[in-house]
Structure formats: C-alpha cells, structure tokens
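Peer 1: Here it is, the structure, as structure tokens.
The values are calculated or read from the model by the stated rules, or taken from the named source; none is laboratory data. As the structure is a computational prediction, the values presented were derived from the model and not from experiment. Positions of Cβ are generated from backbone atoms using ideal geometry, with glycine treated the same way; all protein chains shown enter the neighbour counts.
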Amino acid sequence: MALVKIAWRSIWRNRRRTLITLSSIVLCLAIAVFFIAAQHGVYDRLVDEAVRMQSGHLCVEHAEYIEAPAIDLVVRDVSALRKRIERIHGVESTKALVIGQGVAKSASGSVGVAVLGVEPEVEMRSSPLARKIVRGSYLAEEDGASAVVGAELVKKLKLDIGKKLVISSNDMGGDLVEEQLRVKGIFETGSTEVDAYVIQIPLGFARKLYGMGDGLSGEATRLGIVLADADERGEVMDGVAGLLAGEQAVRTWEEVMPDLAAFIEMDVVSNYIFQGIILFLILFTIFNTLLMSVLERKREFAVLLALGTSNGRIKIQILLESAFIALLGVAFGLLVGGLVTGYFQAEGIDLSSLMEEGMSISGFAMDMVMYPALTAELLAVLGAVVFAATLLMSLYPMGQIKRIPVADVLR
Amino acid sequence: MGDSIVWLRAVTKDYGQGDVVVRALRGIDLTLDRGDFAAVAGPSGSGKSTLLNVMSGLDRPSSGEVSLDGRDLTRLSRSELSRLRLTRIGFVFQAYNLLPVLTAYENAEYVLMMQGVPASARRERVMGLLELVGLGGMEDRFPRELSGGQQQRVAIARAIASEPALILADEPTANVDSKTAAALLDLMQQLNEEKGVTFLFSTHDRKVMARAGRLIRLVDGRIAYDGEAGSLEALDADEG
C-alpha cells in the first residue's frame, strides 16, 4: 500500500512532464485506434462488397477453372447443389453466376467487356452494384434480353436507356454467337474499371448466350456462397467440400480474387509498419520519461537504499510508476480514440472531395465514404500491447537501481 | 569487544585505481560502545564520511575488519547489509533527505513500515516521536512545507523510530542556523540520555564537538585523537 502511494505521488511530482507524457500516449494511441479501425473498416467493406458482387465468401467452381478460366468449365446441377449448401449453418444465400468475356457493340463502336449472368433477385438483395443504378432500373427476374451497363461504357458506346447493344462471344462449344440486348439500367460504382467493363445480364439469358444447360438443375460458372458471418468460413467450407463431386472445388474469395487479396495483404503489411512506428513513438516517450525520472532521483533512491530498502522494493515502486503512467495513458488514449473513431463510424468520412475520380482495387470500387470498424478486440489488443510494452520498458530504468553508488551519491 | 556496538580493526579504504589512488582511511582501529554520544571531527577530506559509510555497510573497506552489533560486515551480502541497516542503524543526513512525496508522519513511519510493524503500533510510536522532536501537529505537512530545522527533526524521528542500535549522523547541523543546531543537539542528547540511543555524528562545528561525550579526530584518514571532548585543546592543536 505504501509503495502504491509513493509511486502514485511520485509520478505527479513533475506534473508537467507526466502530463506531456500522458498527452503523447493519448494522442498516439488515439491515432493508432482511428487508423487501424479505419483500415479494418475499408477492408471489411471492400471485401464485403467484392464478395457480394462477385464470388461470395466462398464459391464452388469447376476444379480446373481457377487455372485456366474458360466458359465451358462449369458447375453442373447448380439448383440441387445450392439447396444442399443453403442448409449448412452460417450460409446467408447462394448466387449462381455465369462469367464470360465478349465484345459489346453499338452503332458508335465496340469494346471488350466482362459479361456477368446474374440472378436479379439475389443480386438485388446482396450485390452493391444493384444499388448503384443511376438511371433506368436494375434487372428483374422476368427480364430476357436486357442488360445493365456501366456509365463509362455508356459514354464509349453512346448508349442510353432502351438503346440496343450487341454482345459477341464464343459459346461453350467454341462457336461465335451474337445476341442483341436493350439497356435497362446504368450503374455508376465510381470505379472506372468496373463502370467501363462490366455488363450484367439475366442468368437465363447468359446461359442461352453461352450455350449452357438451363432448366431445373442448370449450369453456372460459379456458385457463390455469401455467409452471414465471415468468421464461420472454415466450418462452412468443410461442409461444402463434403457435398461436392470430383470435378467441383470450393474456393475462398482470396483464391478467386487474388489481386484483391494480395492488395489487402500488402496494405496490411505497410500498416503494420505504420502501427509499429506509432507504437515505437509511444514507447520511446514512456521510456524517456521513466528513465529520466529514475536518473534524476538517484539521490532519493540512494537514501531509500541507505535506510535499508531492498533493491526489489524500489524496483516494484518503479514498476508501479510505469504501470500508473501506462494505465492512465492507455485508458484516456482508448477513450479518446474510441470516441473519435465511434463518431466517424456512425457518421462516416466522405473522401470523395479528396478523390474525385474515385478509387478501385482490383476492379472493385472503394466506397468514398469510409466507415471505421471499431471493435472491442482492437481496443483490448492495443491497450494490452501498450501496457505490457510499458512494463517491459521499465526494466531498464529498474536495472539502474543496483548501479547507484549509494555512498558516493550521498556524499 | 565488551559492550561495543561497532568495532573496526586496521580498516583502510582506497578510492580510484592505477596511479590515481586516494587513500581515505589508513588503518583505523576504533570501538564505539553502546550509549556513546560521539563526534567524528576533522577537516574536509579527512575521511569522516567514509568512516561512517564503512561503519554502516554502505561502503566496503579495502582491508581490515568491521563489525556491527557482533556481525562482520565484510562477510555480508548486499541484501544482508541492507537488512542490517534497516533494523540496526538509523541515518541522519546533512541534507535531511526526506522523501518529498511523503508527509512528516509518513517519512517518520517509513522504516517501521519496511520492517513490517503493524499500522496501529506505527501510529502510536510515530505520533509520540513527532511530539518528542517538537513537531506535534505538523504530521501532515510535506517536507516542502517545513523549515530546514523541522525537516531535520523529522529525519531524526525517522532515524530513531525503529529504535536502532546506532544512529549515524553525517553533519546533521550543517544546514541549519546555530539556534536550530543547538536545539537539534539538545534533542539528540536527550534521546541518548533518556533512551540510551548510541550516536555517532560527523561535524565541522566546534560547538557541536563540544557537546559530544567523546571526540574522534581524523586527519588524513588516521585517528589523530580519540577521547573526552570536554576540553577543546586537542581541536585547537589541530586547528593550529
């Protein structure tokens, strides 16, 4: 109890220094909380939108599709398979996709496009693209030769709502096919790559275009699986794998969207470095304070040693002083960081004025309104790391105690 | 060794190394008896502080033997010396050296707390001691709120609180005015006479020396005089 009292009062002896140290910790920790939460927010949203638009958190493909994507490598009996998959706990929905390449032509020219055959009802529920229609409307289940196209493609081919465009491609048999469609809706995601390249058409029409089997069972390039909770992916993946025939394989979104996964991985590493620098700044500040505080009190410690106080007891006092500074800094740092981040998590940060062109990663448009993702786990981990590291930092100042030449200092 | 509390034989203490060696103590033979009220005098650099440090185990002698309360200090480990100081020696420093973050009461209580004395017993003893040293009612004041003389009284209360066998006081009156110095000496003498506390203090001050029951005069690390302090002839001879 006495040590706690001495330690607590000691950190307030040099009030200004302690307050400056605490301010540094609070500021650095709040910055760390905000940026890490912002990064998680961006990734979470990016991945969520990407998986919902394209592959799902998991997807079933032909086993060879990943090596050499081709229109004839399909998943068969999609209807039966999706019914079984949707019974697995944790699966929110499934979506059949036909993914093909082609050339879109209008009276004004032609351009290479990615053709996505989608189930309009499913997409309306889960895909962000369906919510980004700026003119016209999204596809409906009963639609036939209709398409939604990106705003950039509309400009290139001088299209408009109700105008015709022709898609040329090769079907599953390798024959050249052409179909005429009408523009039903125009979307604008903010990603030039998506807006100039992607065309969505109804799944049935896509199957017809590419010569795939339709009807009850049906064929698709990919059966995407959207999860209610991405953390349950492992269990769901095991369940899905048990349902598949030999020519089918279950893939993670990282496998089917390697560019996006690689970008996030690379960005995570660079952010680790950034976080490391922030942590270093926090710890250096604390270390400096602790060391100065011990060195300038050599005489005081010498007196304590002369009176018969053990080295260990003085070390505990220094440890307690460190713990108090760390506790205060961490508590206020997390509070300030949590409040600021929580505010922006609710309100969002609109970056569109900073990046008018928008930003896309691997073809997926980043939402220009950023919502940090603050979690209790993030706060707990950051707080624990700074607290534990501070206690480690106090080891060196503690080690100085046994080096104090008591007789010389008191002389 | 009879009723001796401290016993030194052929003690030397050298500082430095190589060609630059300062010989602070040169063969000290000294016995301090229980109940002594002794002063160590001598010019600056004569070895007074070194002698006190060697006696308390804060410094180890380069050669010779040092025994405190029957224990050979040269054979004790750092932690054993620390424990011995905690239980057997009280310190009074020239610069008071109170803990600035503790009140007068808490400073006086500190050593008792280290010794594990129960809180109720501590309170009774410390309050009595603060009264004894003339600081009744000032127990909640921090050192910065006390005068130099008052701080030294707290230091004395801290030194005697655990009833040590020996109190070593290094120039205890050097930083206070003559009136306060006289009052502090009265206090130490009273503790010596009434409680039998053994005092050894170093000093430059002839008035202080005159109050000691025994005077040990150090010159160049050797004992030049050890005897009654009533007459100052020995001092005068040195001054000359």
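Peer 1: With B:46, B:67 as the choices, which residue is assigned to a loop (DSSP other than H, G, I, E, B), among the hydroxyl-bearing types (Ser, Thr, Tyr), more than 9 Å from chain A (Cβ to nearest Cβ) and touching a residue at least 60 places away in the same chain (Cβ under 8 Å)? Explain how you work it out, then say what you get.
Peer 2: Details: B:67 fails: assigned to a loop (DSSP other than H, G, I, E, B).
Every option except B:46 fails the conditions.
Peer 1: Can you pull out every residue in region A:365-387 that is outside any helix (DSSP H, G or I), at pLDDT 90 or above and surrounded by 20 or more Cβ atoms within 10 Å (Cβ to Cβ)?
Peer 2: A:372, A:374
Peer 1: Same structure, new question: Residues that are modelled with pLDDT under 95, within 14 Å of the chain's Cα centre (by Cα) and within 13 Å of chain A (Cβ to nearest Cβ): does region B:109-118 have at least one?
Peer 2: No.
Peer 1: Considering only region A:9-21, I want to know if a residue exists there that is away from every other protein chain (no Cβ under 14 Å) and within 27 Å of the chain's Cα centre (by Cα).
Peer 2: Taking region A:9-21 first, the residues away from every other protein chain (no Cβ under 14 Å) are A:16-17, A:19-21.
Keeping just the survivors that are within 27 Å of the chain's Cα centre (by Cα) gives none.
Checked against the condition, which is being away from every other protein chain (no Cβ under 14 Å) and within 27 Å of the chain's Cα centre (by Cα), region A:9-21 yields no hits at all.
Peer 1: Quick one: which of A:290, A:305 is within 14 Å of chain B (Cβ to nearest Cβ) and either at pLDDT 90 or above or in a helix (DSSP H, G or I) (or both)?
Peer 2: A:305 is the lone residue from the list that is within 14 Å of chain B (Cβ to nearest Cβ) and either at pLDDT 90 or above or in a helix (DSSP H, G or I) (or both).
Peer 1: So, of the residues in region B:184-207 that are over 28 Å from residue B:117 (Cα atoms) and touching a Gly at 6+ places or on another chain (Cβ under 9 Å), which turns out to be surrounded by the fewest Cβ atoms within 10 Å (Cβ to Cβ)?
Peer 2: B:204
Peer 1: So if I check each of B:210, B:181, which one is in a helix (DSSP H, G or I), small (Gly, Ala, Ser) and either at pLDDT below 85 or surrounded by 18 or more Cβ atoms within 10 Å (Cβ to Cβ) (or both)? Steps first, answer last, please.
Peer 2: Working: B:210 fails: either at pLDDT below 85 or surrounded by 18 or more Cβ atoms within 10 Å (Cβ to Cβ) (or both).
Within the list B:210, B:181, the selection yields B:181.
Peer 1: Quick one: is residue A:76 in contact with a Ser or Thr (Cβ under 9 Å, 6 or more places away or on another chain) and within 18 Å of residue A:227 (Cα to Cα)?
Peer 2: No.
Peer 1: Let me ask another. Hey, does region A:41-53 have a residue that's away from chain B (no Cβ under 14 Å), touching a residue at least 60 places away in the same chain (Cβ under 8 Å), acidic (Asp, Glu) and under 22 Å from residue A:218 (Cβ atoms)?
Peer 2: Within region A:41-53 (the criterion being away from chain B (no Cβ under 14 Å), touching a residue at least 60 places away in the same chain (Cβ under 8 Å), acidic (Asp, Glu) and under 22 Å from residue A:218 (Cβ atoms)), the answer is no, since none of the residues qualifies.
Peer 1: Can you name the residue in region A:210-222 that is among the hydrophobic types (A, V, I, L, M, F, W, C) and crowded, with 24+ Cβ neighbours inside 10 Å and is also farthest from residue A:43 (Cα to Cα) among such residues?
Peer 2: Initial filter on region A:210-222 (among the hydrophobic types (A, V, I, L, M, F, W, C)): A:212, A:216, A:220.
With crowded, with 24+ Cβ neighbours inside 10 Å added as a condition, the list becomes A:212, A:220.
On the way: A:212: 35, A:220: 28 Å.
Out of the qualifying residues, it is A:212.
Peer 1: Can you find a residue in region B:86-95 that is in a loop (DSSP other than H, G, I, E, B), closer than 29 Å to residue B:187 by Cβ, in contact with a helix residue (DSSP H, G or I) (Cβ under 9 Å, 6 or more places away or on another chain) and hydrophobic (A, V, I, L, M, F, W, C)?
Peer 2: yes
Peer 1: Quick check on region A:245-265. Is at least one of its residues free of Cβ contacts under 8 Å to residues at least 60 places away in the same chain and under 30 Å from residue B:86 (Cβ atoms)?
Peer 2: no
Peer 1: Give me the residue from region A:207-253 that is in contact with a helix residue (DSSP H, G or I) (Cβ under 6 Å, 6 or more places away or on another chain) and assigned to a loop (DSSP other than H, G, I, E, B) and, out of that set, modelled with the highest pLDDT.
Peer 2: A:243
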